[in-house]
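Shown next, in structure tokens, is the structure this report addresses.
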Amino acid sequence: MKSDSNDFFVIKALENGVNVIGLTRGSDTRFHHSEKLDKGEVMIAQFTEHTSAVKVRGKAVIQTEHGEISTEE
């Protein structure tokens, strides 16, 4: 994926303590960054040449250009 890609996504926490974890690209997928969001906080992020996936743990709404999805309890 190009590093100048416009693949932004939005994560809105619906409870305190939502974890957002960035995963690396390459032959060994690893955690490389994490954030903790509290209820009502919003994070705007982008996939990069280093980030290939994001894991969201906790109750949240994720919005992308492809649609919106909520995590399940």
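Since every read-out is calculated from the coordinates, none of them should be taken as a lab result. These numbers were taken from a predicted model, which means no experiment stands behind them. Please note: Cβ atoms are built from the backbone with ideal geometry, for glycine as well, and neighbour counts cover all protein chains shown.
Annotations
- Computing FRET efficiency as 1/(1 + (r/R0)^6) for residue 28 and residue 68, where r is the C-beta to C-beta distance and R0 is 30 Å, gives about 0.45.
- Virtual paramagnetic centre 7 Å along Cα→Cβ of residue 35, amide N under 11 Å, in the stretch 41-73: 41-46
- Interchain or long-range residues, amide H under 5 Å from residue 7's placed H: 47
- Rounded to the nearest whole Hz, the Karplus-based 3J(HN,Hα) values (6.51 cos²θ - 1.76 cosθ + 1.60, θ = phi - 60°) of the stretch 30-40 follow the sequence 9, 6, 10, 7, 9, 9, 10, 10, 9, 3, x, with x at glycine and proline.
- Neighbour counting of Cβ atoms within 10 Å sorts the residues 71, 64, fewest neighbours leading, into 64, 71.
- Derived scalar couplings ³J(HN,Hα) [the stretch 48-64; Karplus, 6.51 cos²θ - 1.76 cosθ + 1.60; whole Hz; x for Gly, Pro]: 10, 5, 9, 10, 9, 7, 9, 10, 10, 10, x, 7, 7, 10, 10, 10, 9
- Using a cutoff of 8 angstrom between alpha carbon atoms and counting only pairs six or more residues apart, the relative contact order for the stretch 8-60 works out to 51 percent.
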